[in-house]
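Q: Have a look at the structure that comes next, please.
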Amino acid sequence: MSTTYFYRLLTIAGIVILSIKSYGQDKNLPKEFYIASTIPDSLKGEANSVVRYSSDEVTVKAAGKMTLKHHAIITVLNEKGDAAAQLGLGYDKKFSSVDNVQMLVYNADGTMIKKYHKSDFYDYAATDGISIVTDDRMLAIKHPISAYPTTIEVIFEEDMNSFLDLGEWEIQRSERAVQNAEYTVLVNPSVGFRYMNKNTTIKPEKTPAGEFEKYTWHVKNLKAIKPEDDAESWQVMPRIMFAANSFQFGGIPGDISTWQNFGKWLQALNADVCSLSPERIAEVKKMTADFKTDKEKARFLYQYMQQNMRYVSIQLGIGGLKPFPATFVDQKKYGDCKALSNYMYALLKAADIPSYYAIINAGSNEEPADPAFPSDPFNHIILCVPFKGDTTWLECTNMQKPFGKLGPFTENRYALLVTEDGGKLVKTPRSTDIDNQFNSEAHVVLDADGGAKATLKILSTGEYRDDYLGIAALKTDEQKQVLIKMLNMKQPSVFEFKPSTDKDGIKELDIELEYDKFCDVSAGNKQFYKPRVFDLWKTTVPILEKRKSDFFFEIPMLKTCVTTIDLPAGFEIDALPTDQSLKFTYGTYDVKYVYDTTKNQVVSTTKFNLKNHVIPAAKYTELQVYLDAIAKAQNKKLVIRRKA
């Protein structure tokens, strides 16, 4: 869905696998850095690997001119640390080069057992499953570790002639200790160097170095950090972000000292690609002439775009930043997130409806841009339509997304609007539980032998709708496997998934089920049942003495189910589960049971909601108790017995 910008590949591809950049080996390094037994015991706790030594040197010669040098020695303690034996370096022949690449492998005693040169690396197009054509390339190698501990030494250099910002120093990775590490930036004062600490308070040593200013950060003996379950690493792991006020990309100079200035650069970059032909503009005006309001016109044009265009990612030259012309998309009927958002902008412009191209860091619970640090953390484009009193956001790469809905991929974070006056950082809307609904009805007919037949109807919106649209596209066996796991259902003997509707942002699922054994336990004349086909909620969390990090769910949500159970002829209720009403600061769980003696039916009505998907660390214990109580409530049994 998102377009991976070329400049992010350069700063991230080298980080994804090894985290840093490059330079030649220092012959004066102590031999102990290569010997596993010299690792201090204090650094082994929670660690799968230990950075024995790491040195990075970044030299910013001018706007758009930068070299990166890296040398690291990492001891891998167990198979969970094997990522240290993988190296991937992104490059592009137009904008960057990678040289002096080596990976050296040592046994526990520090004896070299393998050496890889650049010629040993795989060199391939850096397609990501989204981009089908790209200038981006990847140098990659993976050493198979056969015994632990093993030490990996990596050396390389990179030269770049285009960049927007200077990336970051990822001081630590999860479950990796750091014995010795330093990061140096040599920068021409004219570019306006800036940095910002994240989850660390370390400060640099600043010294003059000829024509450059020199900043050096040092760390030693950092114990491994193991993020808590369902925490986001960007809120926990220490790192330092870097930026230069002046930049140059693809030969085009710019200023990123303020969000406004960065937006001006993007506006100028897109100025010649955001209009349709006069003939096409006339057609758009004609298509929308009968609609009374701008919002009605926008809804029609958005649906027109979804029905007639498809998402294809092609990254060539500066194409990682600049969208295809709207006329190209109009003719070819495809584009990436930039091109489709720009095309939607052009359609609205043709109908005299203003909108704003908006860049954003996409991904569920991803880190938002920091208002205090203008830089380029973005990887995706959406569109903002500022109707009077009702700003609407459009996700232009999802051809099934309802008009005006974003979802967790881009909601509740800062986007940079490209306006007439330059960039403006604004927050996207935050969804509520009402936006992500799962409403269901189940009818279960029990038989006297403990089997059952059941019909299930689900109406879903928001992220649940997206989930079930995806399930509807699977093969029958896959649908069965996914739904049984997702809904925590018993394995049915018969599973029939019936075609159903998707209308007005609501997806319907209809399922027929048969069970040879729906009863949990039979004892004498009694049968014990879980009084539902599936559980509305299945997650519990462990007891912790003190939670340090916020706990993240994916979305706020509202889930309901009405379950009707027909008892077999000749049976009656022996024990009905008790009603439950559970409360939590950010949600509730309620279930009520009613037995209709006339119909010999049990009807249960269950409702679960989560008002806020981010739970502060201080509320974790309350969450843990609440979820345990839900699990106990859902485990209560319906007991029926044969009539005397």
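Q: Against the condition out of contact with any helix residue (DSSP H, G or I) (no Cβ under 7 Å at 6 or more places or on another chain), of a type in the set (Lys, Arg) and within 30 Å of Ala108 (Cβ to Cβ), how does Arg173 come out, does it pass?
A: Taking the combined requirement at face value, the residue satisfies it.
Q: Can you pull out every residue in region 601-644 that is open to solvent by 70 Å² or more (accessible area, probe 1.4 Å) and among the small types (Gly, Ala, Ser)?
A: Passing the criteria: Ala618, Ala644.
Q: Select the strands (runs of 3 or more DSSP E) contained entirely in region 374-469, then report the ones holding at least 1 residues which are surrounded by fewer than 19 Cβ atoms within 10 Å (Cβ to Cβ) and not aromatic (Phe, Trp, Tyr). Please lay out each step first, then the result.
A: Details: elements: 380-387, 390-394, 414-419, 422-427, 437-446, 452-460.
The qualifying strands (runs of 3 or more DSSP E) are 380-387, 390-394, 422-427, 437-446, 452-460.
Q: I'm checking my understanding of the structure. Among residues of region 78-100 that are touching an Asp or Glu at 6+ places or on another chain (Cβ under 8 Å) and in a strand (DSSP E or B), which one is farthest from Tyr148 (Cα to Cα)?
A: For region 78-100, the residue satisfying everything is Ser96.
Q: What do you reckon, is Lys338 within 18 Å of Leu406 (Cβ to Cβ), assigned to a helix (DSSP H, G or I) and in contact with a Ser or Thr (Cβ under 7 Å, 6 or more places away or on another chain)?
A: Details: within 18 Å of Leu406 (Cβ to Cβ): yes; assigned to a helix (DSSP H, G or I): yes; in contact with a Ser or Thr (Cβ under 7 Å, 6 or more places away or on another chain): yes.
Spelling it out, Lys338 is indeed within 18 Å of Leu406 (Cβ to Cβ), assigned to a helix (DSSP H, G or I) and in contact with a Ser or Thr (Cβ under 7 Å, 6 or more places away or on another chain).
Q: Quick one: is Ser364 among the hydroxyl-bearing types (Ser, Thr, Tyr) and either under 20 Å from Gly263 (Cα atoms) or open to solvent by 10 Å² or more (accessible area, probe 1.4 Å) (or both)? First the steps, then the outcome.
A: Working: among the hydroxyl-bearing types (Ser, Thr, Tyr): yes; either under 20 Å from Gly263 (Cα atoms) or open to solvent by 10 Å² or more (accessible area, probe 1.4 Å) (or both): yes.
So Ser364 fits the description; yes.
Q: A further question follows. Of these, Ala108, Ala63, which one is in contact with a Phe, Trp or Tyr (Cβ under 6 Å, 6 or more places away or on another chain), on the phi < 0 side of the Ramachandran plot and of a type in the set (A, V, I, L, M)?
A: Ala63
Q: Is there a residue in region 413-431 that is of a type in the set (Asp, Glu) and under 27 Å from Asn609 (Cβ atoms)?
A: Checking region 413-431: not a single residue is of a type in the set (Asp, Glu) and under 27 Å from Asn609 (Cβ atoms).
Q: Condition test on Met196, is it within 20 Å of Asp376 (Cα to Cα), exposed (fewer than 15 other Cβ atoms within 10 Å of the Cβ) and aliphatic (A, V, I, L, M)?
A: yes
Q: Take the residues in region 503-529 that are among the acidic types (Asp, Glu) and closer than 22 Å to Asp477 by Cβ; name whichever of them is nearest to the chain's Cα centre (by Cα).
A: The selected residue is Glu508.
Q: In this structure, does Pro377 turn out to be in contact (Cβ under 8 Å) with a residue 12 or more places away in the chain and under 23 Å from Asp255 (Cβ atoms)?
A: yes
Q: Looking only at region 17-25, decide whether some residue is crowded, with 23+ Cβ neighbours inside 10 Å, modelled with pLDDT under 95, outside any helix (DSSP H, G or I) and among the polar types (S, T, N, Q).
A: For region 17-25, residues crowded, with 23+ Cβ neighbours inside 10 Å, modelled with pLDDT under 95, outside any helix (DSSP H, G or I) and among the polar types (S, T, N, Q): present.
Q: Any residue at all in region 56-79 that is buried (at least 20 other Cβ atoms within 10 Å of the Cβ), closer than 23 Å to Phe212 by Cα and touching a His at 6+ places or on another chain (Cβ under 7 Å)?
A: So far as region 56-79 goes, yes, one or more of its residues are buried (at least 20 other Cβ atoms within 10 Å of the Cβ), closer than 23 Å to Phe212 by Cα and touching a His at 6+ places or on another chain (Cβ under 7 Å).
Q: So, Tyr589, is that one open to solvent by 60 Å² or more (accessible area, probe 1.4 Å) and aromatic (Phe, Trp, Tyr) or not? I'd like the intermediate steps shown before the answer.
A: Working: open to solvent by 60 Å² or more (accessible area, probe 1.4 Å): no; aromatic (Phe, Trp, Tyr): yes.
Taking the combined requirement at face value, the residue does not satisfy it.
Q: Anything in region 56-65 that is at pLDDT below 95 and closer than 22 Å to Leu139 by Cα? List them, or say none.
A: Lys65
Q: Please state which of the following conditions Ala147 fails to meet, knowing it meets all the rest: (1) touching a strand residue (DSSP E or B) at 6+ places or on another chain (Cβ under 9 Å); (2) open to solvent by 10 Å² or more (accessible area, probe 1.4 Å).
A: Of the numbered conditions (1) touching a strand residue (DSSP E or B) at 6+ places or on another chain (Cβ under 9 Å); (2) open to solvent by 10 Å² or more (accessible area, probe 1.4 Å), the odd one out for Ala147 is (1).
Q: I need a count of the residues in region 470-495 that are touching a Phe, Trp or Tyr at 6+ places or on another chain (Cβ under 8 Å) and part of a loop (DSSP other than H, G, I, E, B).
A: 5
Q: For the list (1) in contact with a Leu (Cβ under 8 Å, 6 or more places away or on another chain); (2) modelled with pLDDT of 95 or more; (3) assigned to a helix (DSSP H, G or I), I need the number of the one condition that Ile73 fails.
A: (3)
Q: Within region 152-188, can you find the residues that are touching a Lys or Arg at 6+ places or on another chain (Cβ under 7 Å) and open to solvent by less than 40 Å² (accessible area, probe 1.4 Å)? Show your work before the answer.
A: Just the residues of region 152-188 that are touching a Lys or Arg at 6+ places or on another chain (Cβ under 7 Å), to begin with: 157-158, 161, 168-171, 174-175, 177, 179-180, 184, 186, 188.
Within region 152-188, Glu158, Trp169, Ile171, Ala177, Gln179, Asn180, Thr184, Leu186, Asn188 qualify.
Q: Of all residues in region 341-373, how many are touching a Phe, Trp or Tyr at 6+ places or on another chain (Cβ under 7 Å), assigned to a helix (DSSP H, G or I) and among the hydroxyl-bearing types (Ser, Thr, Tyr)?
A: 2
The values are calculated or read from the model by the stated rules, or taken from the named source; none is laboratory data. Keep in mind the model is a prediction, meaning the values are calculated, not measured. Neighbour counts are summed over all protein chains in view; Cβ atoms, including those assigned to glycine, are modelled from backbone coordinates with ideal geometry. Heads up: the accessible areas ignore ligands, DNA and RNA and are worked out on the full protein's heavy atoms, side chains in. Shrake-Rupley method; radii C 1.70, N 1.55, O 1.52, S 1.80 Å.
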